[in-house]
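Step one of this worksheet: look at the structure below.
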C-alpha cells in the first residue's frame, strides 16, 4: 500500500499536487491517519481548509505553499520533488511530475556581466533570471534574493549596499516602464530598524515608471535597475 510517509524517503521536502477538493480532503484524511499535522501542530481535521498543493516534511508536518511556493512548483524543473497524488494513489508508475508546464527551468546557473562580474545565480529561463535565485551588486553583496519573474524580483528581499535588508515582501509586476514595485511587506532602515509594514502604494509617471508614495521617503522602487539588462526576460 502506498502511504504518504513513503514519499518522505525521496527527500526532506516533497510537494504533493491535489487536483480536486475531493482529492485534497482524501489526502488530509490519510495524512491524519498516518500521524501528520499542520506545521502549527493542529490535526488536519481541526482546520477547515483545502489546498491544491502542499509540502510534506520528515517531521510528519504539512504546510500550504503560498504564492511563492506555487511559482517554485511551476518553474523549478527537476530541482524539487513533485508528486501527483491522484496517480500515486492509483498505483501509476508516472506519479512524479518532471515538468509542470512543459518548459522546465535550467539547473542552477550563474549569469555574469561582459567583464565577468557575477550578477546572478539561480534558476533561469531563456538565459534570464526566472525562479528562485540571488542577484548581486558589483562588489558581490546580494541585492535581490527570492523568486524572480519576467521583470525581476517578485517575492523576497532587497538589500542595501551594506548588506542590511531594505525590503522584505511581495512585489507587483509592473506592466509599464521600469522595475517591479513593492506591493506588501516591510521596509527597514540601514541599521535594521523597521520603518514601515503593510501595503505600499505607487504612482506611475508619464511613461509608467513606478514612484512609491506610501510610505513616504521610500526612494526608488528598486535599487540598481540596470541589472534588468541582464536579468529581465521582458525588456522595456
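The values are calculated or read from the model by the stated rules, or taken from the named source; none is laboratory data. Keep in mind it's a predicted model, so treat the numbers as computed, not measured. Positions of Cβ are backbone-derived with ideal geometry, glycine not excepted, and every protein chain shown enters the neighbour counts.
So which residues in the range 150-168 are farther than 21 Å from residue 199 by Cβ and surrounded by fewer than 22 Cβ atoms within 10 Å (Cβ to Cβ), if there are any at all?
Quick first cut of the range 150-168, residues farther than 21 Å from residue 199 by Cβ only: 150, 159-164.
Correct list: 150, 160, 161, 162, 163, 164.
Is there a residue being at pLDDT 70 or above, surrounded by 13 or more Cβ atoms within 10 Å (Cβ to Cβ) and part of a helix (DSSP H, G or I) anywhere in the range 216-232?
yes
State all residues of the range 1-27 that are in contact with a strand residue (DSSP E or B) (Cβ under 6 Å, 6 or more places away or on another chain) and within 14 Å of residue 63 (Cβ to Cβ); if no residue qualifies, say none.
Start the filter on the range 1-27 by keeping residues that are in contact with a strand residue (DSSP E or B) (Cβ under 6 Å, 6 or more places away or on another chain), which leaves 7, 10-11, 13-17.
Correct list: 13, 14, 15, 16.
Considering the range 169-186 alone, what residues qualify as being under 19 Å from the mean Cα position of the chain (by Cα) and buried (at least 19 other Cβ atoms within 10 Å of the Cβ)?
Looking only at the range 169-186, we keep the residues that are under 19 Å from the mean Cα position of the chain (by Cα), and these are 169-174, 179-186.
Residues satisfying the conditions are 169, 170, 171, 174, 179, 180, 181, 182, 185.
Quick one: residue 147 ticks every box in (1) within 24 Å of residue 67 (Cβ to Cβ); (2) surrounded by 13 or more Cβ atoms within 10 Å (Cβ to Cβ); (3) at pLDDT 80 or above bar one, so which box is it?
So the condition that residue 147 fails would be (3).
Check the range 102-115 and report whether any residue there is modelled with pLDDT of 85 or more and crowded, with 16+ Cβ neighbours inside 10 Å.
So far as the range 102-115 goes, yes, one or more of its residues are modelled with pLDDT of 85 or more and crowded, with 16+ Cβ neighbours inside 10 Å.
Being at pLDDT 90 or above and either out of contact with any strand residue (DSSP E or B) (no Cβ under 7 Å at 6 or more places or on another chain) or assigned to a loop (DSSP other than H, G, I, E, B) (or both) is true for just one of 192, 206. Which residue is that?
Numbers: 206 fails: at pLDDT 90 or above.
Sole residue among the options that is at pLDDT 90 or above and either out of contact with any strand residue (DSSP E or B) (no Cβ under 7 Å at 6 or more places or on another chain) or assigned to a loop (DSSP other than H, G, I, E, B) (or both): 192.
Based on this model, can you work out whether residue 169 counts as in a strand (DSSP E or B), touching a residue at least 12 places away in the same chain (Cβ under 8 Å) and closer than 29 Å to residue 125 by Cα?
Numbers: in a strand (DSSP E or B): yes; touching a residue at least 12 places away in the same chain (Cβ under 8 Å): yes; closer than 29 Å to residue 125 by Cα: yes.
Here the answer is yes, as residue 169 does meet what is asked.
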